[in-house]
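Okay, so here's the structure we're looking at.
The values are calculated or read from the model by the stated rules, or taken from the named source; none is laboratory data. These numbers come from a predicted model, not from an experiment. A quick note on method: Cβ atoms are made from the backbone with ideal geometry, for glycine too, and the neighbour counts reach across all protein chains shown.
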Ligand SMILES: [Zn+2]
Ligand SMILES: [Zn+2]
């Protein structure tokens, strides 16, 4: 399973239907919270998202609409009887904020917070397991540092082409083939090779890019992603405003998706100056048809893009 659940899709100000930025990413049994605008814990409850498997929180940058929900979130997790450690990856300064807040409110949490500062000024894989990896994406925003995140879901097991194999093959050999081991006879001759009887599915990728101005330097890092989430704070008629405030327009987000050869585009971080989100969709679709709008409470499954399946 590789799922993105939108908890907030508004820019700086929330609206009655759009909270400040936050998303839950689920990769198999692991959950990540990405950004934590005000009211994020309420969104968790409202959308019935379990925090049981939540192990990581990533904060992209320290504009208030991306982290002011964090302290309430951490305290509420404690009230849910959490005991397992929680890893927070964020700009280095956030650690002082968390510690000061806990100190002046005389709050002790029953679980451990393990704080890790994100790499600055460079992109690297900062978290990796057998099932996934996460790489930071340096973004071009007014406040520095600002990072996006590239999530890669790995496919550690090979897929067996069962129709090519004899029906009575022992289960042990299926396990070997899945693990990449050839099936041999007693004379060490290969009977069924990994190469001929299995395939390795490509990795599946989701890139989260909020907040940023149009920045083509990002393209090599997000090339061929299956889904690109890109902020679209403005419509292109306000391109100058977007540029001045280090944000992007819907058209620029679509240009990024096109140039990155992304398979699907998800737009979010909409400014409240626009009362209707349809023009964002129309603008992006004019050059990148496979575009969707982030809506609070909606989940998107990250699947391999069509061209990679062929
Ligand atoms: Zn923002
Ligand atoms: Zn910002």
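Can you find, within region 4-22, the residue that is nearest to the chain's Cα centre (by Cα) among those that are within 15 Å of ligand 2 (Cβ to nearest atom) and part of a strand (DSSP E or B)? Among residues in region 4-22 that are within 15 Å of ligand 2 (Cβ to nearest atom) and part of a strand (DSSP E or B), the one nearest to the chain's Cα centre (by Cα) is 22.
Residues in region 130-143 include at least one that is more than 16 Å from ligand 2 (Cβ to nearest atom), exposed (fewer than 14 other Cβ atoms within 10 Å of the Cβ) and not assigned by TED's automatic domain parsing to the domain that holds residue 192. Could you tell me whether any residue of region 106-117 is touching a strand residue (DSSP E or B) at 6+ places or on another chain (Cβ under 9 Å), in contact (Cβ under 8 Å) with a residue 40 or more places away in the chain and either within 16 Å of ligand 2 (Cβ to nearest atom) or not in a helix (DSSP H, G or I) (or both)? Taking every residue of region 106-117 in turn, none turns out to be touching a strand residue (DSSP E or B) at 6+ places or on another chain (Cβ under 9 Å), in contact (Cβ under 8 Å) with a residue 40 or more places away in the chain and either within 16 Å of ligand 2 (Cβ to nearest atom) or not in a helix (DSSP H, G or I) (or both). Quick check: is even one residue across region 230-242 more than 16 Å from ligand 1 (Cβ to nearest atom) and crowded, with 22+ Cβ neighbours inside 10 Å? No - not one qualifying residue is present in region 230-242. Evaluation of residue 202 against the conditions (1) surrounded by 12 or more Cβ atoms within 10 Å (Cβ to Cβ); (2) within 27 Å of the chain's Cα centre (by Cα); (3) more than 24 Å from residue 138 (Cβ to Cβ); (4) modelled with pLDDT of 95 or more shows that the sole unmet condition is (4). Restricting region 1-17 to residues that are within 13 Å of ligand 1 (Cβ to nearest atom) and over 10 Å from residue 268 (Cα atoms), the residue that is surrounded by the most Cβ atoms within 10 Å (Cβ to Cβ) is 14. Restricting to region 78-93, give me the number of residues that are over 17 Å from the mean Cα position of the chain (by Cα) and either buried (at least 21 other Cβ atoms within 10 Å of the Cβ) or assigned to a strand (DSSP E or B) (or both). The number of residues fulfilling the criteria is 1.
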